[in-house]
1. Using +1 at the Cβ of each Lys and Arg and -1 at the Cβ of each Asp and Glu in the chain, identify which of Ile221, Ala79, Pro160 lies farthest towards the dipole's positive end.
2. To make sure I understand, if each residue's beta carbon is the centre and we count other beta carbons within 10 Å, what order do Arg68, Arg82, Arg149 fall in, fewest to most?
3. Calculate the dipole size of region 127-252 relative to its Cα centre from +1 charges on Lys and Arg beta carbons and -1 charges on Asp and Glu beta carbons; express the result in debye to the nearest 20.
4. Using only Cα atoms and rounding to the nearest 10 degrees, what angle (0 to 90) does helix 321-333 make with the longest principal axis of the chain?
5. Evaluate the distance, in nm, between pseudo-label points positioned 7 Å from the Cα of Lys325 and of Lys119 along their respective Cα→Cβ axes.
6. Please report, in whole Å, how far the alpha carbons of the chain spread along each principal axis, starting with the longest.
7. Taking the Cα centre of region 252-343 as origin, sum charge times position over the Cβ atoms of Lys and Arg (+1) and Asp and Glu (-1), and report the length of that vector in debye to the nearest 20.
8. Treating only the Cα positions of region 199-302 as identical point scatterers, give the base-10 log of I(q)/I(0) from the Debye formula at each q in 0.13 Å⁻¹.
Amino acid sequence: MMIELKNITKTFYKNTSQVSALSNISLVVPKGKILGVIGASGAGKSTLIRCVNLLERPTSGEVFIGGRNLTSLKPAALAKARREIGMIFQHFNLLSSRTVAGNVAFPLELSNTPGDEIKKRVAELLELVGLGDKANEYPGNLSGGQKQRVAIARTLATNPKVLLCDEATSALDPATTRSILNLLKDINKRFQITILLITHEMNVVKAICDEVAVISEGRLIERGPVSDVFAYPETTIAKQFIASSLHAALPAEYEQRVSPTPQGQNHPVVKLEFNGHSAGAGILSEASRMFNVDNNIISAQMDYTGGVKYGVMLIEVAGGENDTKASLNYYRSKHIDVEVLGYV
Ligand SMILES: Nc1ncnc2c1ncn2[C@@H]1O[C@H](COP(=O)(O)OP(=O)(O)OP(=O)(O)O)[C@@H](O)[C@H]1O
C-alpha cells in the first residue's frame, strides 16, 4: 500500500469545548491508484488530508507512506519524507512575486539542486503541464486553471510518490475543472503517482477516481470502487451525493404549474431513481402496457459505470387514478425509488 491510515482520530480542543473532527478512520490507497474522499462541509475532509502529511498531527492513529510510519519519525526524517508527498490546494498557493518558472524552481532551490539542472527540470515540467510559453509570466496574469497547472508542476518538481489534492478544482469553472482532472489522471498514469483527493463533488470522483470513501461527521461511512458505490450506494449521504451529480431538477415551466395535492384530472409528476438493483428503464414501456398509463418523460439522466445503469428520471404519469397508483407500486417492486413531486 502506498498510503495507509490506521485508526486516525483528531480532536480539536478550544478553551473548554472539544470538536471530534475525525473518529477512528482507517483507509488504504494502493500504489498508482486514485482515492477520492467525499463529504459535506465540516465532515472532516481537510483535516483528514492534512493528517496524511502531518500538517495536522492526528490525536491518535498512524500514517504510513510507502510502508514507513510517518507518525514515528523525528523532525529531520519527517521533513525528508514529506518531500515524497506533493500537495495542491484550492487556491493554488503560488508565490506572487516569483515568475511561473520561479515558482516551479522553488522546491528545487530548497533541496539545493544545481542551477543548470533546475533550469532543465523547470522547462520539462512546464512543458508537461502545457505552460511551456508562460515561464516568465507572473501568477497574477494567469487564469485559475493556469495557476493550478503551475502548482501541479511545482509539486511534481521533487518527484513525489504521492499527491494530495485539497479541493483542487473547486475554484474552477466546469471546463477548466475537466482539463485539470485530465492532467491529474495523465500524471497518475504516466508516473504511477498515487493520488488522494478530497472533494464535495461527485463528478470529480466519477471523472478520475478508482475508489471513493464517503465521510460524514468525522466518520468513514462507506467506501468502495467508484462503480460499485454509484450503482449500489448504501448510505443516504452517498445517495444524496450521487443525486446531486445528476441534475434532476424539475424544469422551471413545470415548477410553476405543479401543485402539492391532486386536483380534478391532473397527473402526478414522479421522480424515479434507478440503482444497480433496479430494473432498467425499459420498465416504463412495460408498465405503460400493463396498467394502461402514458409515461411522459420530462427529463432523464441515466449513466453507466461498471456495466450498471443508474440515474434519475422525471416523468408525468397520465392514466386512471388506480392504474397510476398500480404503476408506481410496480416500479417500487422493481427496486426503483419512487417519489411523487406534485401534480400538474
Ligand atoms: N484548527 C481547528 N480548530 C478547531 N476546530 C477545527 C479546526 N479545524 C477544523 N476544525 C473543525 O473540525 C471539523 C472538520 O473540519 P474540516 O475543515 O476538516 O471539514 P471539511 O470537510 O474540510 O469542511 P469544508 O469542506 O467546509 O472545508 C469542523 O467541525 C471544524 O469546525
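Values quoted throughout were computed directly from the atomic coordinates according to the rules given, and no laboratory measurement underlies them. As the structure is a prediction and not an experimental result, all values here were calculated from the model. All Cβ positions, glycine included, derive from the backbone under ideal geometry; neighbour counts span all protein chains shown.
1. Ala79
2. Placing the least packed residue first, the sequence is Arg68, Arg82, Arg149.
3. Details: 13 positive and 14 negative charges, 51 e Å.
Rounded to the nearest 20 debye, it is 240 debye.
4. 40
5. 8.3
6. Rounded to whole Å, the extents work out to 80, 48, 40 Å.
7. I would put it at about 220 debye.
8. Treating every Cα as an identical point scatterer, log10 I(q)/I(0) equals -0.64.
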